[in-house]
Amino acid sequence: GQTNLKSPQDIQVYVVNTNFTLRWNYTGSDTNVTFSAEYRWFEDFVTNETEWKELPGCQNVTHTECDFSSAITKYYDTHHVRIRAERREEVSPWSSTFEMNPYLIARIGPPGVELQSTNGVIKIKISPPEANQVRKMWIAHLRFKYNLVIWENSSNAEFRSQSIFPTDTIDDLAPDTTYCLKVQATLPLDLQEGLFSPIHCVKTTHKAVNDLLCATDVSVLALDMKFHLHWNNRYKQHVSYNVQYLIGYLKKLHDDYSMKWLSVPGCENITDTQCNFSSIISTTSGIYYLRVQAMSEYNKSCVSNEVKVDPLITNEIGPPGVKVDISDVLLHIQISPPGGSESEVMRDRYDLSYRILYWKNSSNNEEEIKMKEIKQTIGTISDLTPLTLYCVKVQAFSEVYNKSSHYSKEECIKTPGDKILHLVILATFVTALIAVFLVATPLGFALYQAYNKIKYVFFPSCQPPLNIEGFGGQLLSSPYLSTTEEPIENCSIIETIITEEVNQTDFKDYIHSKQSSRDSGNYSNDDTSGSKVSEETLEKEIV
């Protein structure tokens, strides 16, 4: 069982598309040595070892490499490969096992390239890797992107790289010059770069003299998702224009898209040199290409260069709308997003933020301009100075797209006076009013009581009966009157109903006693009805 044969070393597997090559090193000095390999694979996540099988294409080979492309059909499964040296009946130990997942180690093959030189430009058509193969490692060929490297075929050539579509045109070339180029296919999402194609060289031709009929300087102006195409007219005679567009993904296909250009609605057979094509922007995530076809009255036509429109990149953000208001000690700022409240694209896709500048509008030019950034469309500013004119302007910006608008028009508003001073004045007035009320109420009550006393004493509501008032030329006495007698008008009443003479002295005593008892009742009964009743009673007693 002993052998002098050494095992192969440095086992490697190289995969390009679906082409598999096994390579190794052999350090032995033996002659007439051949090599044979075996393989096994594990389907999906099955870890049980399977039996080793002979590797087709790698049996009894005399070189240190072999092609076993026909043996591998499971490109996403794990495979093991090993190899040994053989000489007649003598064999070496197996080499170390090489483990591989074909898809993970495969490289993208070179694409196919076709060139055509015409009118000073080079038209190129690219075929995807594995275009003519039945078995494919790369299923979604539409995911391929292509890089072009082109240079002049000279000793001091400068290399120029650019991305191209499967069917594209290379311009900005010198006439009568030989250019060489190569193309590489990539899968950016998988971080895979393929092999370059073989180098192709072609000579450019002279470019035809620019036709004055063609529209020139074609450009796009876009603001707040309103898109306009502009161009210049050099043709002196009557000319009409037809603006055409192509949906961008059609250029990613390997088919001919020359017949798939469409006319922009409202921009057909026009004589103006501008067109509003906002109606065709149905999605902001796609790419659009536009061109202008000029037509003369003699049915001659010319197509302009194409312009690319990536809506969210091409569009510019306009200034927002601003309204300001004052409440108490806060300045309220109401912001309207660019494009109006109905523009959801401007509000959502750009993820807008707002930069607010505000300052005191005074004669002092050194007043500091303050800044505040917010995400909402409503902002407030505090720490305001009373009776001061504040001005505000707002800028919308998007960090995601690195875009910003011009500032809005300045909006100014004056803050009200100091409310604390108003409160102090109001509190002082209320306090004074309460103090006056507290002082005036008892004083008024005292004056009212004094008035009632004076009125009762000097102007009583109850008067003595007319038939006894001043009778006999003497006044009735009152305990509240002073002893000084004042002259009173004496009246004489002749009563026809009196039939007998009354003693004057007894009458006066009687009157005095009755007057004293009646005066005590005057405090509780001052009305005239009570007085009349007393007079009638007195008259009856007299009679």
Legend entry - All positions within the range 113-150 that are among the β-branched types (Val, Ile, Thr) and under 25 Å from Leu173 (Cβ atoms): Val113, Thr118, Val121, Ile122, Ile124, Ile126, Val149, Ile150
Legend entry - Identity of the residue in the range 225-250, out of contact with any strand residue (DSSP E or B) (no Cβ under 8 Å at 6 or more places or on another chain) and open to solvent by less than 70 Å² (accessible area, probe 1.4 Å), that ends up nearest to Trp261 (Cα to Cα): Leu250
Legend entry - Enumeration of residues in the range 203-224 that are open to solvent by less than 60 Å² (accessible area, probe 1.4 Å) and either part of a strand (DSSP E or B) or in contact with a Lys or Arg (Cβ under 7 Å, 6 or more places away or on another chain) (or both): Leu213, Thr216, Val218, Ser219, Val220, Ala222
Inset, instruction - Report yes if some residue within the range 41-49 is under 60 Å from the mean Cα position of the chain (by Cα), closer than 30 Å to Ile164 by Cα and crowded, with 16+ Cβ neighbours inside 10 Å; otherwise report no. - result: no
Inset, instruction - Could you look through the range 43-72, keep only residues that are at pLDDT 90 or above and among the hydroxyl-bearing types (Ser, Thr, Tyr), and pick out the one that is nearest to Val16 (Cα to Cα)? - result: Ser69
Inset, instruction - Could you check, for the range 259-275, whether at least one of its residues is within 23 Å of Pro110 (Cα to Cα) and in contact with a strand residue (DSSP E or B) (Cβ under 7 Å, 6 or more places away or on another chain)? - result: no
Legend entry - Residue list for the range 175-202, restricted to those being in a loop (DSSP other than H, G, I, E, B) and either touching a residue at least 40 places away in the same chain (Cβ under 8 Å) or loosely packed, with under 11 Cβ neighbours inside 10 Å (or both): Pro175, Asp176, Leu191, Ser197, Pro198
Legend entry - Identity of the residue in the range 150-174, in contact with a strand residue (DSSP E or B) (Cβ under 7 Å, 6 or more places away or on another chain), open to solvent by less than 60 Å² (accessible area, probe 1.4 Å) and outside any strand (DSSP E or B), that ends up modelled with the highest pLDDT: Pro166
Inset, instruction - Determine which member of the set Tyr241, Tyr249, Tyr235, Tyr245 is among the aromatic types (Phe, Trp, Tyr), touching a residue at least 40 places away in the same chain (Cβ under 8 Å) and outside any strand (DSSP E or B). - result: Tyr235
Inset, instruction - Might you check whether a residue that is hydroxyl-bearing (Ser, Thr, Tyr) and closer than 20 Å to Ser240 by Cα occurs anywhere in the range 311-324? - result: no
Inset, instruction - For the range 276-290, state whether one or more residues are open to solvent by 50 Å² or more (accessible area, probe 1.4 Å), farther than 23 Å from Asp351 by Cβ, in a helix (DSSP H, G or I) and polar (S, T, N, Q). - result: yes
Legend entry - Lone unmet requirement of (1) closer than 27 Å to Thr284 by Cβ; (2) touching a residue at least 12 places away in the same chain (Cβ under 8 Å) for Cys412: (1)
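The values are calculated or read from the model by the stated rules, or taken from the named source; none is laboratory data. Keep in mind that what you see is a predicted model, and the values were worked out from it rather than measured. Ideal geometry is used to build each Cβ from the backbone, glycine not excepted, and the neighbour counts take in all protein chains shown. Protein only, heavy atoms only, side chains kept; ligands, DNA and RNA dropped before computing areas. Shrake-Rupley method; radii C 1.70, N 1.55, O 1.52, S 1.80 Å.
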